[in-house]
Amino acid sequence: MVAMAPALGAVLLQEIDAVNEDLQRSTEAGACEVPVVDLQGVDGERRHLVVQQIRRACEDWGVFQVINHGVPVALLTAMLQQAKEFFQLPVEEKRKLSTTWVNQTTPQPVLLQGYSSKEYGKCFLQWGEQLRHIISPVWERNYELWPTNLPSYRETEEDYIAEQEKFVKHMMELISESLGLNKSAITDVFDGNYQRALLANHYPPSPDPSVSVGITEHSDFSIITVILQDTLGLQAQTRDGGWRCVRPIRDALVVNLGDQLQILTNRKYQSGVHRATVDSENKRVSVNTFTNPLDDALVTPIPALLGESQPPLYQGHTYGAYKAAFGARWEKKRAFLKSGSPKNPASF
Ligand SMILES: O=C(O)CCC(=O)C(=O)O
Ligand SMILES: [Fe+2]
């Protein structure tokens, strides 16, 4: 680990102690109650029930698990397996896929694509390594940063992201219906144009979990994030600020509402605040797919959700401006999302 300045270190260590204290509480029996939505029969008689469950999960949590989602189970297993095999490669092999950290307008370096280890840069207390790919627009795909020494890797990721695309569209339709809108209300906003990324995270056993977390508390910038996991570690924040573990359910996908969905819904649905912890014995691999607007897409509350008693809480912004304003400014982003005042991210 990188040596840290004492003052900064002390603050971070306090935060991490709090994380661990919470972790202990949240792994107690009965504390893993993140909603589970079963899509079995969603195109038939159960649709009404499913839509109702989604509404409740979105209102109360912003994160939920989905079973019988239609993504072939063998593909889920294969994707996780390929990600695990990649992270098992010697570090010299993984580093061949490294890209430089790009210092954008944010003080924190941003990884665009490729392999990185979180010991670098400012996030040294976040313990782990990642592989990130831009999936769409397709011309931004850089296959040079996909592992080539795992023979099935590319085909598996390509099949997985194609299935994810269908699943996310389906979720957007069900979420639209859960808001009382027609099923294409959300997809119509983006007209099929998204920025999609896949991020595989590996959190190795930490020599000292008391001073490391996998990823600290945050909400995603996305419209929707889908997480594939098979090991404990992901935690979701309840609306009253407590933490619950998202206990892996075999073959389930975790759906996390992102900030853009909060803005689109005029805060009817809030983005899910989450984090990942590490363990001293077990490693953990998760595969996240993020569906985001294009950088120049305007994100404003959906007009059909507004009315005299529901004035717009957000003025609207391009996704690019949102990222530039809040890249590494978690507190500012939270304040903006919560404020309910029509400020523009550009004013931050
Ligand atoms: O590893 C996980 O389960 C969550 C990772 C995450 O939240 C992220 O990469 O944004
Ligand atoms: Fe996240």
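We did not get these values from a lab; they are worked out from the coordinates using the rules stated. Please read all numbers here as calculations on a predicted model, not as lab measurements. Glycine gets a Cβ as well: all are built from the backbone with ideal geometry, and neighbour counts include every protein chain shown.
Observations
- Prolate/oblate/rounded call for the stretch 114-226, Cα gyration tensor, a/c under 1.5 rounded: oblate
- LEU49-GLU93 FRET efficiency (beta carbon distance; Förster radius 51 Å; 0.05 resolution): 0.60
- Shape call, the stretch 268-322: gyration tensor on alpha carbons, a/c limit 1.5: prolate
- Residue-by-residue Karplus 3J(HN,Hα) for the stretch 51-57, coefficients 6.51, -1.76, 1.60, Hz, glycine and proline x: 4, 5, 5, 5, 4, 5, 5
- For the stretch 128-139, backbone phi angles converted through the Karplus equation (6.51, -1.76, 1.60; θ = phi - 60°) give residue-by-residue couplings of x, 9, 9, 10, 10, 10, 7, 9, 9, x, 4, 5 Hz, Gly and Pro being listed as x.
- For the stretch 78-93, 3J(HN,Hα) per residue [Karplus equation, 6.51 cos²θ - 1.76 cosθ + 1.60, θ = phi - 60°, Hz, x = Gly/Pro]: 5, 5, 5, 5, 5, 5, 4, 5, 4, 5, 7, 5, x, 4, 4, 5
- Counting neighbouring beta carbons within 10 Å and listing from fewest to most, the residues SER222, SER280 come out as SER280, SER222.
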